[in-house]
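Step one of this worksheet: look at the structure below.
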Amino acid sequence: MDIPFVDLYAQYRSIKAEIDLAISEVISQSAFIRSDFVVRFEQEFAEAVGVKRCVSCGNGTDALFIGMKALGVKAGDEVITTAHSWISTSETITQAGARVVFSDTEDDYYTIDPSLIEAKITSRTVGIIAVHLFGQPARMDSIMEIAKKHKLWVIEDCAQAHLATFNGQKVGTFGNLATFSFYPGKNLGAMGDAGAIVTNDETIANWCELYSRHGGKGTHLIEGVNSRMDGLQAAVLSVKLPYLEQWNSRRSSIAAFYSQRLGILPDVVCPKVGDGRGHVWHLYVVRTKRRDRLRSFLQEKGIPTVLNYPRALPFYPAYSYLGHVPEDFPVAHIHQQEILSLPIFPELTDGSASFVAESILSFF
Ligand SMILES: *Cc1c(COP(=O)(O)O)cnc(C)c1O
């Protein structure tokens, strides 16, 4: 049995007629750059998330960078974020001119631990970036409380959490703004790079729109960047958006199946879902002290696994200048040695999921 980690072609096959039609419409109208297709997707996505505005851009990394510029981040500022994420979350803090301040995660949930944030706040701190990692919302109630108390802004990095909820409220609606990625493998994925900033703040949305399009076409009120979602990606995303909820619920069934089968193993820690957190299972991440041996065993059986991520952010060479040691982030540091992501995507068959689970059972 050869199981893919993600099967994008299977998703395409399931909606091929609609995708092909949408793409041919974009081509026949030469609607490649800013066009009705892009405007339409922005409106649909804003509605799906439950915010006033969605400003599309080139990718999820640009969304973070543009969002921080919109909030006025400048040299000398400090931004607090989680020690466990994809590097876009922290590299954009530096790009915006600020200093990255990492904070450790919750052992059970992998999201930033709110009880450790206040100790990281200094007179230079301007904001917090919370990441809804693996599809599980961060503790937004406590994070917003801390931000309010210290007058900080909050960005939600929702790249892995399209339509996830916290206490029944969609992620992307808590902070000053939120960012999304539509990288092909994400829960809602384009056929190339794409991203968006969402917010209820019209001033922020207008500024992001201006900045991402050279400060205004022909007006150039400010210097900006070129970061656009193209028409083909927007058309593809409009076709996929109505399926997102059903795809997320299929992910959730697979996760429940894995947890039911693997939950009996004393040497495996299955993912836990926090109170009030509506997880959308971008990734299903287990933990085991025998991670590397399990990984090779599964590889031999034709089951690919991934490390999300091989290291916690503070321990990559890019951040050696911060001089961190494992004791600074004990939780994230243990996790980096034990985490393993199993295949999970809506088109994964029951048979394949079962083969993954039974293979892991046979290893232990
Ligand atoms: C994918 C991802 C991003 C960046 O998205 P791109 O579209 O690839 O630039 C940012 N943050 C997190 C947590 C991600 O998983």
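The values are calculated or read from the model by the stated rules, or taken from the named source; none is laboratory data. Being a predicted model, the structure only gives us computed values, none of them experimental. In this analysis, Cβ positions are derived from the backbone assuming ideal geometry, glycine residues included, and neighbour counts consider all displayed protein chains. Just so you know, the surface numbers come from the protein's heavy atoms only, side chains and all, with ligands and any DNA or RNA stripped out. Shrake-Rupley method; radii C 1.70, N 1.55, O 1.52, S 1.80 Å.
Please indicate, with yes or no, whether at least one residue in the range 183-192 is farther than 16 Å from residue 38 by Cβ, among the basic types (Lys, Arg) and within 14 Å of the ligand (Cβ to nearest atom). Looking for residues that are farther than 16 Å from residue 38 by Cβ, among the basic types (Lys, Arg) and within 14 Å of the ligand (Cβ to nearest atom), one finds at least one in the range 183-192, hence yes.
Among the residues of the range 312-326, those that are surrounded by 17 or more Cβ atoms within 10 Å (Cβ to Cβ) and out of contact with any Leu (no Cβ under 9 Å at 6 or more places or on another chain) comprise 312, 313, 315, 324. Look at residue 301 and say whether it is open to solvent by 50 Å² or more (accessible area, probe 1.4 Å), touching a residue at least 40 places away in the same chain (Cβ under 8 Å) and in contact with an Asp or Glu (Cβ under 7 Å, 6 or more places away or on another chain). In short, no. With respect to (1) under 30 Å from residue 249 (Cα atoms); (2) more than 11 Å from the ligand (Cβ to nearest atom); (3) part of a helix (DSSP H, G or I), the lone exception for residue 154 is condition (3). Would it be correct to say that residue 208 is away from the ligand (no atom under 14 Å from the Cβ), within 24 Å of residue 71 (Cβ to Cβ) and crowded, with 16+ Cβ neighbours inside 10 Å? Yes; evaluated as a whole, the condition is true for this residue.
Residues in the range 179-190 that are without any contact (Cβ under 8 Å) to a residue 60 or more places away in the chain and either not small (Gly, Ala, Ser) or not in a loop (DSSP other than H, G, I, E, B) (or both): 188 only. Restricting attention to the range 340-360, does a residue exist that is under 25 Å from residue 104 (Cβ atoms) and either touching a Pro at 6+ places or on another chain (Cβ under 6 Å) or not hydroxyl-bearing (Ser, Thr, Tyr) (or both)? Yes, because at least one residue in the range 340-360 is under 25 Å from residue 104 (Cβ atoms) and either touching a Pro at 6+ places or on another chain (Cβ under 6 Å) or not hydroxyl-bearing (Ser, Thr, Tyr) (or both).
The set of residues from the range 215-252 being surrounded by 17 or more Cβ atoms within 10 Å (Cβ to Cβ) and farther than 23 Å from residue 7 by Cβ comprises 224, 227, 228, 229, 230, 231, 234.
In the set (1) touching a residue at least 40 places away in the same chain (Cβ under 8 Å); (2) more than 11 Å from the ligand (Cβ to nearest atom); (3) not charged (D, E, K, R), the condition left unmet by residue 219 is number (1).
Residues in the range 222-258 that are assigned to a loop (DSSP other than H, G, I, E, B) and in contact (Cβ under 8 Å) with a residue 24 or more places away in the chain: 225, 227, 228, 229, 230. For the range 121-151, taking the residues that are among the hydrophobic types (A, V, I, L, M, F, W, C) and more than 17 Å from the chain's Cα centre (by Cα), the one that is farthest from the ligand (Cβ to nearest atom) is identified as 121. For the range 215-255, the set of residues classified as in contact with a helix residue (DSSP H, G or I) (Cβ under 7 Å, 6 or more places away or on another chain) and either among the β-branched types (Val, Ile, Thr) or on the phi > 0 side of the Ramachandran plot (or both) consists of 216, 222, 225, 236, 239, 254, listed by residue number.
So that you can scan it fast, the table gives a plain yes or no per residue for (1) modelled with pLDDT of 95 or more; (2) open to solvent by less than 10 Å² (accessible area, probe 1.4 Å); (3) of a type in the set (A, V, I, L, M, F, W, C):
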{"residue": "130", "(1), (2), (3)": "yes, yes, yes"}
{"residue": "141", "(1), (2), (3)": "yes, no, no"}
{"residue": "164", "(1), (2), (3)": "yes, yes, yes"}
{"residue": "169", "(1), (2), (3)": "yes, no, no"}
{"residue": "173", "(1), (2), (3)": "yes, no, no"}
{"residue": "192", "(1), (2), (3)": "yes, no, no"}
{"residue": "204", "(1), (2), (3)": "yes, no, yes"}
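Scanning the range 1-50 for residues that are closer than 30 Å to residue 174 by Cβ and open to solvent by less than 20 Å² (accessible area, probe 1.4 Å) yields 11, 38, 41, 42, 45, 46, 49.
The C-beta contact set for the range 94-109 (first residue modelled with pLDDT of 95 or more, second residue among the polar types (S, T, N, Q) and part of a helix (DSSP H, G or I), distance under 7 angstrom, 6+ apart or interchain) comprises 100/90; 100/94.
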